[in-house]
1. Has region 7-17 got at least one residue that is within 30 Å of ARG110 (Cα to Cα), outside any helix (DSSP H, G or I) and at pLDDT below 80?
2. I need the full set of residues from region 78-88 which are out of contact with any helix residue (DSSP H, G or I) (no Cβ under 6 Å at 6 or more places or on another chain) and either in a helix (DSSP H, G or I) or of a type in the set (D, E, K, R) (or both), in order please.
3. Which residue, of ARG91, ARG55, is touching a helix residue (DSSP H, G or I) at 6+ places or on another chain (Cβ under 8 Å), farther than 15 Å from ARG32 by Cβ, at pLDDT below 95 and not aliphatic (A, V, I, L, M)?
4. Output the qualifying pairs, or none if there are none: Cβ atoms under 8 angstrom, residues six or more apart or on different chains, first residue in region 25-46 and charged (D, E, K, R), second residue surrounded by 14 or more Cβ atoms within 10 Å (Cβ to Cβ) and at pLDDT 95 or above.
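The values are calculated or read from the model by the stated rules, or taken from the named source; none is laboratory data. Computed from a prediction, not measured in an experiment: that's the story for all the values here. A quick note on method: Cβ atoms are made from the backbone with ideal geometry, for glycine too, and the neighbour counts reach across all protein chains shown.
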Amino acid sequence: MAKRVKKLTTEIREVTNPDRWDRSHGTYIAGRAFIDGADAVAVEMERYWGVDRLRLLVTPEVREKFDRQRYLFNQAIGNGDLESVRRESTRMIAGWMACNKIALAAGHTRMPPEVWEVALGDGTVAWITKTPVEAKQVLAQGRQITVYSLEEVGHILSAHSLVNKVKATWPGAQVVAAKQVVDPLRAIDRPTGFDEPFNDEIKIAR
């Protein structure tokens, strides 16, 4: 009689922290206060330097520390307690400010807004930028110019479905994916494969 072989399976199950920072209204408000502060700094840094650009303006060693801190910050938000959210939010702000200081000291300058210009049928000119933030940074420089972000262009196209249908059926029309900056944290779905916790901070030599 053949022996039955038991099939072994390995499952990774996420264990919910009973002391999560958002377990009550009070702890949620307290946690959001710190998270929102860190997010505000991130938005300001990306508005000045460009999305995903600042981490590329520092040395690989500092970039590694910065990415490790981003990982810790994300993990604290995902399943950490209130103290970890407070700690990692504060360290995340310090990480952003450290990278900002290093980039400025190295002589790097802010990313100028990228603009596409097109003449319209009524004789005016339209400028198109990638983001709404860049649209606000663009100056008309005395000409009769209307500025649109790609997001606004998307809204306009969505409101004109006939244009989309014609474009979709036009011979030779292609849709290609845009190349994005590689972000190492996007490859980490769960906190697995790490033998030691990330507990180092960014330090700047004076």
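1. No.
2. Those that are out of contact with any helix residue (DSSP H, G or I) (no Cβ under 6 Å at 6 or more places or on another chain) and either in a helix (DSSP H, G or I) or of a type in the set (D, E, K, R) (or both): GLY78, ASN79, ASP81, GLU83, ARG87.
3. ARG55
4. That search, which allows pairs on different chains as well, returns nothing.
Quick grid of which residues meet (1) touching a residue at least 40 places away in the same chain (Cβ under 8 Å); (2) surrounded by fewer than 20 Cβ atoms within 10 Å (Cβ to Cβ); (3) touching an Asp or Glu at 6+ places or on another chain (Cβ under 6 Å):
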| residue | (1), (2), (3) |
| --- | --- |
| GLY50 | yes, no, no |
| ARG53 | yes, yes, no |
| GLU64 | no, yes, no |
| GLN69 | yes, no, no |
| LEU82 | yes, no, no |
| ARG86 | yes, yes, no |
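Residue-wise test of (1) at negative phi; (2) at pLDDT 70 or above; (3) not assigned by TED's automatic domain parsing to the domain that holds ALA76.
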site: GLY95; (1), (2), (3): yes, yes, no
site: ALA103; (1), (2), (3): yes, yes, no
site: GLY121; (1), (2), (3): yes, yes, yes
site: GLU134; (1), (2), (3): yes, yes, yes
site: TYR148; (1), (2), (3): yes, yes, yes
site: GLY154; (1), (2), (3): yes, yes, yes
site: VAL181; (1), (2), (3): yes, no, yes
site: LEU185; (1), (2), (3): yes, yes, yes
